[in-house]
């Protein structure tokens, strides 16, 4: 333990001596910081204190000395642990206080981060040796690292939004302005009910979210019932639906709907020519956004509800039938009540997704303003009003968090989970005739509609000018992705730049996301520690924070010292990491719950420490889960728009924000062509994943032991 | 393969989970080279005790020493113990050889030593030549032996078994438990063994510790527990004994005369007795005879089952229902027969009621 402490102390010393304390704008290139160390802006902590007499840094230097004194003191055992814990806790507090209160000339840089990490890990190794047998330096360090990262990149930015919202024009803080903005009539007014124009964005968002939540749950249930309890032949095709939301760039559905129902849309034209309907803009507004969200989120509800419907133990249905209940009675009185929590979960998921949705309202909203788009316009509009954006963000956050809390509370109380993990033989009974026909009548037309919408993406990308010049052309593709061999290979398409940036950033974000997500999953599944529930809640919270709120919170938090990140690629990577972390956590939790805990214990009793256990036992067995987490975080980073749109810069333009630009200019053709290319890119990625994981699964199947993978299916 | 087996002492060990006290003030000594079994119904704290010795659970209070060294605050990684798990917990992504060598490899021993020791380990359990297979390619019994080999190659001071046979079928169980006992005795390793199966416990143990509700109910050799149970719980749990309420008629040293109705039995007891007591009789110490005999308890056969080498009866009588295992197959009785139950006084004992 003392060895670990010395190691971290050395790392801290090194950071303090050799790494620049502040971000140095002059330094360009990877090793240029070395030459900058001698100048004031590029100096390290040590040099700033010694040469440039920066008084604000004195306390931190003293803390470092104190830590060294503890590490080299003759103390041992518990007294050393107590000393190390208390001194490093104080040091960390001093450093944080410095970052928050001191008047910093620039953002902190590697020196500060290195020193902070070393203090953090000195603290965690101190804490681990305070505790008895199961205090493990690796595990406590991991917990500390996840807490600090989540705190820094989820809670700290949200705190900034709060403080922006509570700040008064004169610089002091108070609630008066916040309340007047929070409950402002323009946010909440209900004039649409009385027939006078549109309602406030909060009302619109809420109404839309309730409608979307209900409708996606119904549709999802119909699909799930068909997929699991009918003799329907094309079940595999239905299951493909579940992949759609993952690979669909955010505007595509909105654009496809415009191509169908817009003023120049195919259906509009048809109705006009044959039935004499007027060409109107009806698709812009509530209806259009609602339909687009249904198309986008029904597959998510479907995915959740497949698990729920399958989770109802067949033996209960069989028991009901042996007691002479008909299929309909069985469904009505046994299966449906058992599914109720799952249905509530699906509803809340749809509700949250709808509230957080940015792409569809942006394209189709028209006058129908919702919170997520209003936040965007408050920032990028004619007058940038970050206080208004902050307050709207808080309104939105309140709603999503409310739904999230409700979901947690609902699932936490009275679990009806009927999957026991024991082999439950028996089969789900088929639906009654009436129910089956209803499901078919609802789901199949919808599936056909989805197919039409997605085929629009293909046609939209090769038609010259939709509705006016319907000739086929590849011009959109060549404009976006043109290349030229005349003088070697030159990529002269307009989209290449953002395409490669997107791939690069997504590729950098994916492993980090997977790492943080799986590490968190490991702690949640395998470790018991005080405050674990709060820890779990905090890590899953970022799921409930809408992307637009993340966007403005990052702008507000990371545009000024102590941490300046805006305009860099790093801010995009970090945003992706913490937006997509819940995906990795859930995947990891699901995979890890299937590994018998005695495998870890066997490894530990055989003399391996927990790091070795993770490296040699858990990680190899999680192979497919790791790969899946990698690919999904990669793909989600590509399709993400709501947070990204605030964070892109000229140097780091992303595909989705490029598409937003084209949409705003009315260049639908190129936007759709780009989306099609993204879809293909992601399909290739997922296909590769399936190939690799599929083969791995086969390769594992013949050496899988019956005890190791029990058929525990997570219900939700 | 040798082992510097150690003496284990658990002193005043407790384990609390919030309000629940899983283990209450446990004092237990395992002499070097001895195999001690923790036996008890599920939830009695036996597995918790084992896991505390392994270092997989924190100790709420008390002290654990292995070979004289205090390990109470030591993590599992650093304790010189090895464990055989109920599910075997073989690493499915490693070969048998890699599994057996795992503990040696992570201790950074030289490669050649690792190889040699792992091979010797596989030889000990009779699986030499199986090294390159994966666990899934072995039968349940073979997997179990790999788990044992993986534990013994570390030459631990203490070997722990957590219900090692519960995943095997009944026939194999007997065979594997003999092997386990053989290996443990050959290597002279101190061992703690957890099971809920009393037959298994009696077959493998030097000493059995019966636990109930987080406490030790009785400990002793299998013989002592079977013939001298200290409580009705032990008599029932170890010997499936019938517990008959009786009157104490006279005490002479440790021999006691008791009366069940009109029937008088000379039994023994080493505990202070009141006027009434409980007579513990093993099922095979009862036999069914004609009602006309002297000194028999009258009753009616409620259930009769033919089990090949013996008959099992449930006999309804005034004192309650008696469970009888009758090995004399010549006289078989039917359901509904009026019979007399004769008590073979030899192996009975009287317990305070």
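The values are calculated or read from the model by the stated rules, or taken from the named source; none is laboratory data. All figures in this text were calculated on a predicted structure; none of them were measured in a lab. Here Cβ is always computed from backbone atoms with ideal geometry, including for glycine, and neighbour counts include all displayed protein chains.
Values as computed for the structure displayed
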read-out: Residue check, residue B:126 surrounded by fewer than 19 Cβ atoms within 10 Å (Cβ to Cβ), farther than 20 Å from residue B:50 by Cα, within 27 Å of the chain's Cα centre (by Cα) and within 12 Å of another protein chain (Cβ to nearest Cβ); value: no
read-out: Test: residue B:91 is within 10 Å of another protein chain (Cβ to nearest Cβ) and farther than 26 Å from residue B:213 by Cα; value: yes
read-out: Failed criterion for residue B:107 (all others in (1) within 12 Å of chain A (Cβ to nearest Cβ); (2) over 23 Å from residue B:5 (Cα atoms); (3) surrounded by fewer than 18 Cβ atoms within 10 Å (Cβ to Cβ) hold); value: (2)
read-out: Residue in the range B:148-158 that is more than 25 Å from residue B:41 (Cα to Cα), more than 14 Å from every other protein chain (Cβ to nearest Cβ), touching a residue at least 40 places away in the same chain (Cβ under 8 Å) and assigned to a helix (DSSP H, G or I) present; value: no
read-out: Set A:573, A:545: member being within 14 Å of the chain's Cα centre (by Cα), closer than 25 Å to residue A:626 by Cβ, at pLDDT 85 or above and not assigned by TED's automatic domain parsing to the domain that holds residue A:22; value: A:573
read-out: Elements of type helices (runs of 4 or more DSSP H) contained in the range A:261-338, each with 2 or more residues being more than 35 Å from the chain's Cα centre (by Cα) and in the same structural domain as residue A:245 (by TED's automatic domain parsing); value: A:266-275, A:314-322, A:327-330
read-out: From B:33, B:62, B:40, B:45, residue being surrounded by fewer than 20 Cβ atoms within 10 Å (Cβ to Cβ) and more than 14 Å from every other protein chain (Cβ to nearest Cβ); value: B:33
read-out: Matching residues, the range B:138-147, being within 10 Å of chain A (Cβ to nearest Cβ) and in a helix (DSSP H, G or I); value: B:140, B:143, B:147
read-out: Check on residue B:22, part of a strand (DSSP E or B) and either in the same structural domain as residue B:204 (by TED's automatic domain parsing) or within 20 Å of the chain's Cα centre (by Cα) (or both); value: yes
read-out: Residue that is farthest from the other protein chains (Cβ to nearest Cβ), among those in the range A:585-604 that are in a helix (DSSP H, G or I) and in contact with a strand residue (DSSP E or B) (Cβ under 8 Å, 6 or more places away or on another chain); value: A:601
read-out: Among (1) under 26 Å from the mean Cα position of the chain (by Cα); (2) at the interface with another protein chain (Cβ under 7 Å from one of its Cβ atoms); (3) within 30 Å of residue B:138 (Cβ to Cβ); (4) at pLDDT below 90 - the single one residue B:83 does not satisfy; value: (4)
read-out: Output for the range B:314-348, where each listed residue is more than 12 Å from residue B:289 (Cβ to Cβ), touching a residue at least 24 places away in the same chain (Cβ under 8 Å), assigned to a strand (DSSP E or B) and out of contact with any helix residue (DSSP H, G or I) (no Cβ under 7 Å at 6 or more places or on another chain); value: B:317, B:320, B:322
read-out: Single residue of A:561, A:582, A:624 found to be modelled with pLDDT under 85, part of a helix (DSSP H, G or I) and either closer than 22 Å to residue A:146 by Cβ or away from chain B (no Cβ under 14 Å) (or both); value: A:582
read-out: Which listed residue, of A:219, A:168, A:149, is over 26 Å from residue A:346 (Cβ atoms), in contact with a helix residue (DSSP H, G or I) (Cβ under 8 Å, 6 or more places away or on another chain) and modelled with pLDDT of 90 or more; value: A:149
read-out: Residue in the range B:42-53 that is touching a helix residue (DSSP H, G or I) at 6+ places or on another chain (Cβ under 7 Å) and in contact (Cβ under 8 Å) with a residue 12 or more places away in the chain present; value: no
read-out: Condition met for residue B:172 (modelled with pLDDT under 90, closer than 21 Å to residue B:184 by Cα and within 14 Å of chain A (Cβ to nearest Cβ)); value: no
read-out: Among (1) modelled with pLDDT under 90; (2) away from chain A (no Cβ under 14 Å), the one test that residue B:210 misses; value: (1)
read-out: Output for the range B:249-278, where each listed residue is crowded, with 19+ Cβ neighbours inside 10 Å, more than 20 Å from residue B:300 (Cα to Cα) and modelled with pLDDT of 85 or more; value: B:256, B:258, B:265, B:267, B:277, B:278
read-out: Residue tally, condition farther than 27 Å from residue A:253 by Cα and without any contact (Cβ under 8 Å) to a residue 12 or more places away in the chain, over the range A:284-318; value: 0
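Rundown of residues vs (1) touching a residue at least 24 places away in the same chain (Cβ under 8 Å); (2) outside the structural domain of residue A:611 (by TED's automatic domain parsing); (3) farther than 25 Å from residue A:103 by Cα; (4) in a loop (DSSP other than H, G, I, E, B), yes/no style:
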| residue | (1), (2), (3), (4) |
| --- | --- |
| A:8 | yes, yes, yes, no |
| A:25 | yes, yes, no, yes |
| A:40 | no, yes, no, yes |
| A:49 | no, yes, no, no |
| A:57 | yes, yes, no, no |
| A:61 | yes, yes, no, no |
| A:74 | no, yes, yes, yes |
| A:79 | no, yes, yes, no |
